Structures are given as C-alpha cells and as structure tokens.
Amino acid sequence: MSFLLCIPIILPIVAGLAMLIAKPKKRIVREVYVAGVIILDMILSLIFIFTVPDQKFTLVQFTDTISITLKVDGMSTIFGMIVSILWVVATFYSFEYMKHEGKENKFFSFFTMSMGVVMGIAFSANLITMYLFYELLTMATLPLVMHSMDQKACAAGKKYVIFSITGASFGFVAIMLLMNYGVSLDFVYGGILDMAKVGGMEHLLLAGFILAFFGFGVKAAIFPFYSWLPSAGVAPTPVSALLHAVAVVNAGIFAITRVIYYSFGADFLRGSWAQTVVMVATIITIVFGSSMALRTKHIKRRLAYSTVSNLSYMLFSLSLMTPAGMVGGLTHMLFHSVLKITLFFVAGAIIYKTGREYVGEVEGFGRSMPITMICFTVCSLGLIGLPPLMGFSSKWHIASAAVESGNPLAYAGIGALIVSALLTTLYLVIIIIKAYFPRKDLDVKTLNKDVKDPNMLMTIPMIALSAVSIIIGVYPTPFIRVFETIAGGLF
Amino acid sequence: MHEAHNFIYNFPFFCIILTMVGGVVMPFIRNGWIAQKINMGIIAAVGGMNVAVLCQLMVDGGKTVTYMMGHFPAPFGNEIRFGPMEAIMALCFCLVMGMSILGGLKDIYHDVRKGKQNLYFLMINLLLCSLLALIYTNDMFTGYVFIEINTIAACAIVMSKDSGETIVATIRYLIMSLLGSGLFLMGISMLYGITGHLLMVPLKDSIGDLVTSGQYAIPLTVIIGLISLGVAIKSALYPFHSWLPGAHGSATTSSSAILSGLVLKGYIILLIKVIYRVVTPEVMAELQITNVLLVFGVVGMIMGSVRALKERHIKRMIAYSSVAQIGYIFMGIGLGSTVGIMAACFHILSHAFTKPMLFCSAGALVDASGHNYDFKKLRGSALKNPLAGIAFTVGGLSMIGIPLMAGFPSKLYFSTGAIQGDWFRLGVVLTALAISTVLNALYYLPAIINMWTPKKSQEASHGHDHGDAHGAHDAHGGDAHGHAEELANVEDHEDEHEEVHEKPRITVSFVVSMVIFLASNFALGIFYQPLMNIIEQGISVL
C-alpha cells in the first residue's frame, strides 16, 4: 500500500499540467476542477498521514545510497496537515480574488502544481528527495510570483530565483558533506553522522551546517537573505498569503528542522560555534524584521516583514537544539501559519474591494468592512501574543525552552522576543486603530462610500481561520502534545 | 594484453573504415536528401556495431582489447585499443550525432546551399570517423592525424552556412585549432625524441623509466604541458575559448550541436587516455599539471557562465555555457582522483546529450519567432513550438543540476570527488560548483520564462483589458464579474486564434530527435548507476 504515498504529490502536478494544456474556458469548469483536485488531494494526504505512518516508498532508486523516497513521519504530519488544509482555504479565496488579476488558467495550474511539490517536501524521506522538491518548489512558484509579468513582478521573480537557487545550491554542498560523512541520507531523529568518519573533521561539518542553515534559511528569510520576501509581495495576494506566509517559508523552516534534528543531530551541534552563529543571526532577524515592519507603510510589505521576524522566532527556537526548542518552533510554525494567512487575506480583501494598499488608507474601515476588520483584529491580537489567543502559547514555549536550554545567548533571544512583541503591537495596532477610530475631521462616509465586505468566497475563509485561531489558542494542549512526541523522537 | 580473437572485436576498425568510405562516397551523390539518408544509415550501423562491441566486452568481463591493423607490429602497423569506456563513448557519440542531424535537418536544408548539401554530409562522416579514431586509437601519431581531420571537418561544417559571419568565425576557429594541434604535434615529436615510441603502451614504460631515473625531467614537463595545452585550446578551456562562441553561435543548428556536444569532447577523451595510458595520473600530479588544469577548469566554469549571462544572442549564450561545461570536465580531470575522472567522463556524456538538445530546440525556437536570435525576442516562441520549449526547459534545468536529469549525477560525482580530495580541492571545487549552479540558473531561467510568456502585443492587450475589468469592478462592485468573465473568455479565444495562425511546421525528424534526447536525458539522470559502473570498469582497465 505504500506506493499510494506518491499520489498526493503526483495528482496535483499532473492535474496542473493537464490544465495548462487544456485551458478550460468557462470559469465554473475551472473552479470545479481546481477545487475538486485540491480537496481530493487534501483528503488523500490526510488519510495517508493518519493511516500509513512509517512506511517507505521508493520512487526512483539512483544508487544503493541515493534514492527518491517518500515517507510519512511526525514532521511530515504537521507540515502536510498545515499545508493541505490551508491550501483548500486559500483556493476558495483565490477563486474570488483572482478575478481581478486575470490569466487565471496559468495561475491555477501552477497553484495546483505547487501543492504537489510542497507535499513532496513534506513526505520526503531523505535529503536528496527534499532537495529535489525544494528546487522544484522554486520553479513551480516562480510563475506565481511573476504573475502580472510587469517590470516589478519580473524583478521580484528574478530576485526570488537568485536567492532560492543560491540557497539551495549551498544547501546541496552540505548534503554532499553529509553523504560522505554520514551513514545514509535518510532522516533519522538524532542525526545520521557516522562518528567514526567524523573524527577530526568536526569543523568542516559545522561549516557545512552553517551552509545548510543559511542555504535553506533563504526560504525562511533569515537575515541577511530576507529581501526577496518583501519584494515578492508584488505577487497576487493568495500567493503572498499561502506561499509567502505558509508553504514556501515553512518549507524553509521544515528543511532546517530536518537538517538540525534529523541529519546533523542536535547533540552534535549543541554548544558549537556554529550554533552561536545561527542564533545570533536569528536574534538579529527577529528585531530587524519587526522594526522594518513598523517603518513600512504598505500593508502587504508590512506583513511580509512581520513574517520575516516571525520566521526567525521559529528558527531561534529550533537553533536552541533541544527537544523543547523544537516544540516551540513547530508550535509557532503552526500558529503563525494560521494567523498570517488570515492577515494576508484581509489585506487582499482590502486591495480587491478598494485597491488601497497603504496603512493610512484604511481609516474608517471598521465600519465599512466589519467582518474583514474583525478577523484582522482577532488575528493581530493573536500574533501579538495576547493570552488566551494563539500566539501566546507558542511564544511562551519558545521563551521557556530558551530559559531551559541554559545557553547564555538564549537570554539575548528572550530580550529580542520582548522587543519584537512590542514592535509587533505597534505595527499591527496602528492599523486597527486607524480602522476603528478615524480622524474626526475626515469625511469617512463619502471616502468609503463603495467599501463593503467582499463576498462569501473571501469572507468565509477569513472567518473560519479566525475562529480556528481562537479555538486552538484556548485549547493548544492537544497540538503541543503531538509536537512533544515528535520532538521526543517517538513519532 | 589481449589479442583480438572474437570477430566482434574487428568492429571498431570497421566503424572507422565505414565512416571514411561513407565520406568518400558522398561527393558522388548529388542529392542532399539521399546523402542524408545514407549518412544516417552509416551512423546507425556504426552505433549498432558499438553496441555489439560493448556487449561483447562486458560479457568478457570488461577487459581491454588491443587490435593491430593488418597484424603489422609497432613501427609499421597501427593499433587501436578499446575497453568498455571507449565503447560506450563511441556509442553515445553515434546516437548524439544522429539525433543532432535529425534535430537540425530543417535548418541544414535551409542554411546549406542546394547542390552542396551532400558535401555537408561528407564532412559529417569524416567528423564521425575522426571522433571514433580519437576514441579508439592506441597511437599518439594516429591521434594527431585524426585531430587534424577533425579540425578540417569541423571548420567545414561551420562554414557550410554561407554568410560573412561564419567565414570570420571559421577563420578564427581554424587559426586557434591549428595552434592547438601544432602544440600537440610539438609535444608528441619531442616525446618521440626522448623515448623513441609513439604507441601508448611502450611510451608508458619508458616514461616510467625516465621518471624513476630522473632523466629529462624538464622536457617531460614541457611535453605533457604542451599536449595538455594543445587539447585545452582545441576544446576551448577558458582563456582559450575566444573562437568558440563565434563558431558555435553562427553555424547551422546541427553543426553547433555536434561541435558543442561531440567535437570538443573527442580531444578530451584523447587527453584522458594519454593521462591514464601514457603519463599515469601520479606523474601528472607530480608535475603539478593536475593542479593547473583544476584551476583553469574552475575559472572556466565561472567565467563561461559570467560571459553567458551578458549574452543576448541565444546561440552564443548556449555556446558560452559550453565553455563553462568544458570547465567542469577539466575540473574533474584536475581533481586527480578516479572519482574525478569518472565524473568528468560522465559529464562528457551528460553534456553530449544535453547541449545538442539545447542547440536543436533553440534552433527551432528561433525558427518559430521569425529567425530572431535575440533571446528577448524569443518571447512566446515556446508556445508556438511546445516540444522545442519543453526540450529547452529540460535542457536548462539539467544544466542547473535538478535531480532526475542528466546534470545532477555529474554534480553529485564532482562534489564527491572534491570531498574525497585535499582541503584545497574541497573548498575550491564545492564553492565553484555552488556558484556555477546559480550562474547557470541565472541565464537559463530567464530565457525559459521568456519563451513561455505570451508575446508583448498580447500582453499589452491583456493589461489593458485587466485595467478595464478593474475599473468596472470599482464602479459596480460584485456585479462586474460577468463582464470580467466575458473579457477573459474573449482573451482566451484570441490566444488560440493567433497560435493556430503562426504555428510553424514541426517536422517528424525534429520530433524524433527531441523525444530521444529528452528520453536519454532523463535516462542518464535516473539510471546513471549502471553507466557509472561501466565507466569505472573502463577507467580501471584503460
């Protein structure tokens, strides 16, 4: 039965290619087709995630040690679940949103294909497989970033490709080192290094780890390789929401988790100079991302900088190299995904209905777009970390993991978290205040005459995600249990 | 030393003679079409014979066979010697040669003057003959003779496209090539002077003696240096590449494909044979020539790509990419280990299958966009000729080194070789590989995206409509959807309309060639292990 594992990956890719060739002309045909494929794929992924754990399926055997192999383990479960469920939500949102962007056939073809590729990353059982899908992800999402094909989009796309491929090619160097100094390339909790071969070559491998961290970290927007993410905001909003807040950036986080905990092994890295280097980088990114967000007036770019900062929360937590740190990172990965995708949906709804893109232009929207702004408020407060909402428990776990780790740098990290929380409050609350309390002398009524909430296709995803964020925020325990088992190496 | 006892072991000799005879016959066939058919027949026969040779060699346990032509011993006779590696190289070369001709057939009939087309195939036959001889020979001087034949045939197929540009390119090519073979000739004559041998095996013994006794240390360095330099010039290693973009960029499609994919490699295979069969890798390393090749290779990898980045002319861009790939191969030789040579040999094959595919598909795309070579002007061409588009895309991705494609195993083995080498090699080669990957992506991806993007005119109308739809949206809110949908539908129809009108004729030969190239590219990328085993076996008995 294990061969079924490749279905969630191949189905969307084939379906997307078929659509690229067939080019359905009627909107309804296209929407039913895309929704059908993506929902089917989500259902299949969830079924496989929950029914066939710990089975391997080798797609292609290159040599005895190198193969393209799929497997579902704990990490795949989390990433696969986040991605497949949010993908469905984003699909419905895009049906409405993409009406004003045009070229929908091309968009939805690549949108569908990207899902297969991301599932490939989630299900990959070794580094070579992950590398393959990682490169493919860049290729599959590039047309989405360059969707409008104007000068700005092309420049952003070019930047995205340069950054991603550079990162992956340095990551590849690390993979090669692991191949020569490891037992195999499979993901095994605790690492695959062959200590007999490593002896004397520790610094080479640590350098390799640095390459892998920053190489794969490019997709997770680590400082100083973050700048593609704000630029990529020129893409249509569903892309920014799904790919640049969830799928692509989390693929970066996912890859780094695999590299730290499943390839080099946390024990090998803990306390080394390499750990110091990466921790410093994450701490810088946390503060830097938040401050840039505060300085940026363009809503989508502000959210993108906020993503940069939040991704480094996860990276900081992961780089503690302890199981508790892994729990914190994974928790924040899940929670941030839900929150940030909703925030982007709201920004997109504003652009879609009014064409306004800047912070100052949303004055009085609390009254004109009530549903949208309520969702924004809920998720903003969640991201700020107001208990009992979502962001609180994840940040709590990160901070407590940092304290437990006993690493002196971790305290600096906690400081950065506090500063960043303050900045997050500022850059999100300003928007909320503007929306609900417009300036007295402003004639909001005439200014926002035509502004109303978008239709159901857009509001329902936002409402649902906000509701989910509240529910999980109040009852995070079951999720954290799962993360703890994974970080304990049991699943 | 094995004597030829099996009839099949006569085949390599037959191959060389058959292609030569084929070349001689060509002038008498006035019709280019018939000449092409005969030529394909010869290539197929040669390919088939090489399959037989390879199978027989593998059945006999992967040994090397020495074959004396006419059974005359050394000073008068001439020897060929072949093992699994030679056989597989010859086989792949035949396949690539045949497919390159099929892929660019339309352009051959278009570019080469009527009535002279048979002569084009004469040159192709001679080229194949000389390549086979370079692969199979066991005699330095025979190697030199066929290098010259190769040069002349290669120059002729560049010049076959009748334009001022090709004549200038050919003259540059001729001068540089002759310089290269001149150096090679100086090398072997000096070698003859100090050893008195031209056959490879006795040469190895006497060089071994010279090295152990410490005699002629400096002349030996000079000789090996001259031979390497000659080969480097002829195969366009970086600082000696200046002739390549002109020649490969301006020639007709098939010529560019064959020159890039095969001709450059023939000399390198000869060099690898010289290294293993005459000089031995240890002596090479001792004389520091390995290190020099490594440095030149790495510089070539980077600089070739950098020059390709600046290039707007699509075929010149692909030609510069060849300069970079030759850098890879020399880097593999420069690694100085068996893994390095294996990687270099595999890269010879993977590049031989990828680059002609790129040239042929680029030729078709250029054709589809009204003979415009500027890659910005190729916009939308892949939509008109999707097969060429797919081939170019796969070729580009393979060059970048995406897994499942032919470029990936090379990258894998190059880096393995680097990691097993010393610190200098590890650092330099891994960094160069990473940088070169990025550079490859930087020039292939924009070209790929560009050719799959609809034309500017369509784009402009697109943007306009989109603006309209948006405007309508603002005014009517949700009610405008019907309108927008209508517009989208109209656009879709328009797209189709134009495509049908401008669709170029895609010939059967082109389809066959592209399909085989694509299949072999994926085959190399996926099932590389058996091939690597053959190469490894071949190198061990070289």
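The values are calculated or read from the model by the stated rules, or taken from the named source; none is laboratory data. Note that this is a predicted model, so its numbers are computed, not measured. Here Cβ is always computed from backbone atoms with ideal geometry, including for glycine, and neighbour counts include all displayed protein chains.
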### Task
Can you work out which of the residues in segment A:354-376 that are in contact with a Lys or Arg (Cβ under 8 Å, 6 or more places away or on another chain) and charged (D, E, K, R) is nearest to A:Ile341 (Cα to Cα)?
A:Glu357
### Query
Before we move on, is A:Thr112 in contact (Cβ under 8 Å) with a residue 24 or more places away in the chain, crowded, with 24+ Cβ neighbours inside 10 Å, away from every other protein chain (no Cβ under 14 Å) and hydroxyl-bearing (Ser, Thr, Tyr)?
yes
### Query
When segment A:473-491 is examined, which residues are found to be among the hydrophobic types (A, V, I, L, M, F, W, C) and over 27 Å from A:Phe187 (Cβ atoms)?
A:Val474
### Query
Failed condition for B:Ala382, given (1) farther than 21 Å from A:Gly182 by Cα; (2) within 11 Å of chain A (Cβ to nearest Cβ); (3) hydrophobic (A, V, I, L, M, F, W, C); (4) buried (at least 24 other Cβ atoms within 10 Å of the Cβ), with all others met?
(2)
### Task
Identify the residue in segment A:115-162 that is surrounded by fewer than 22 Cβ atoms within 10 Å (Cβ to Cβ) and among the charged types (D, E, K, R) and, among all such residues, is farthest from the other protein chains (Cβ to nearest Cβ).
A:Lys152
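Test A:Gly364 against the criterion of being surrounded by fewer than 24 Cβ atoms within 10 Å (Cβ to Cβ), farther than 25 Å from A:Phe223 by Cβ, within 14 Å of another protein chain (Cβ to nearest Cβ) and modelled with pLDDT under 90, and give yes or no.
Numbers: surrounded by fewer than 24 Cβ atoms within 10 Å (Cβ to Cβ): yes; farther than 25 Å from A:Phe223 by Cβ: yes; within 14 Å of another protein chain (Cβ to nearest Cβ): no; modelled with pLDDT under 90: yes.
So A:Gly364 fails the test.
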### Query
For segment A:263-332, which helices (runs of 4 or more DSSP H) that fit wholly inside it have 2 or more residues that are in contact with a helix residue (DSSP H, G or I) (Cβ under 9 Å, 6 or more places away or on another chain), under 14 Å from A:Leu417 (Cα atoms) and polar (S, T, N, Q)?
A:273-295, A:299-318
### Task
Report yes if A:Ile165 is closer than 30 Å to B:Gly421 by Cβ and at the interface with another protein chain (Cβ under 9 Å from one of its Cβ atoms), otherwise no.
yes
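Quick grid of which residues meet (1) buried (at least 24 other Cβ atoms within 10 Å of the Cβ); (2) of a type in the set (Phe, Trp, Tyr); (3) assigned to a helix (DSSP H, G or I):
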residue	(1), (2), (3)
A:Arg356	no, no, no
A:Gly360	no, no, yes
A:Cys375	yes, no, yes
A:Leu383	yes, no, yes
### Message
Which condition from (1) more than 23 Å from A:Ile253 (Cβ to Cβ); (2) in contact (Cβ under 8 Å) with a residue 24 or more places away in the chain; (3) not β-branched (Val, Ile, Thr) is the one that A:Phe344 breaks?
### Response
(1)
### Task
Filter segment A:8-30 down to residues that are modelled with pLDDT under 85, part of a helix (DSSP H, G or I) and surrounded by 14 or more Cβ atoms within 10 Å (Cβ to Cβ), then give me how many there are.
3
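Of all residues in segment B:154-174, which are polar (S, T, N, Q) and in a helix (DSSP H, G or I)? Even if it seems obvious, please write down each step before you answer.
Within segment B:154-174, the subset polar (S, T, N, Q) is B:160, B:163, B:166, B:170.
Hits for segment B:154-174 are B:Thr166, B:Thr170.
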### Message
Here is a check on your reading of the model: is A:Leu442 out of contact with any helix residue (DSSP H, G or I) (no Cβ under 8 Å at 6 or more places or on another chain) and modelled with pLDDT under 90?
### Response
yes
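Do any helices (runs of 4 or more DSSP H) lying entirely in segment A:407-489 carry at least 3 residues that are of a type in the set (A, V, I, L, M), and which ones are they?
Details: elements: A:408-436, A:444-447, A:456-474, A:477-487.
Fully inside segment A:407-489 and qualifying: A:408-436, A:456-474, A:477-487.
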### Message
Which count do you get for residues in segment B:363-378 that are touching a residue at least 60 places away in the same chain (Cβ under 8 Å), of a type in the set (A, V, I, L, M, F, W, C) and in a helix (DSSP H, G or I)?
### Response
3
## Note on the structure
The condition from (1) modelled with pLDDT of 85 or more; (2) under 28 Å from A:Met146 (Cα atoms); (3) within 11 Å of chain A (Cβ to nearest Cβ) that B:Gly478 misses is numbered (1)
#### Entry: Residue list for segment B:387-434, restricted to those being facing another protein chain (nearest Cβ under 10 Å), closer than 21 Å to A:Val161 by Cβ and in a helix (DSSP H, G or I)
B:Thr393, B:Leu397, B:Ile400, B:Phe408, B:Lys411, B:Thr431, B:Leu433, B:Ala434
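What about B:Ala74, is it at pLDDT 85 or above, surrounded by 14 or more Cβ atoms within 10 Å (Cβ to Cβ) and not polar (S, T, N, Q)?
Working: at pLDDT 85 or above: no; surrounded by 14 or more Cβ atoms within 10 Å (Cβ to Cβ): yes; not polar (S, T, N, Q): yes.
No; evaluated as a whole, the condition is false for this residue.
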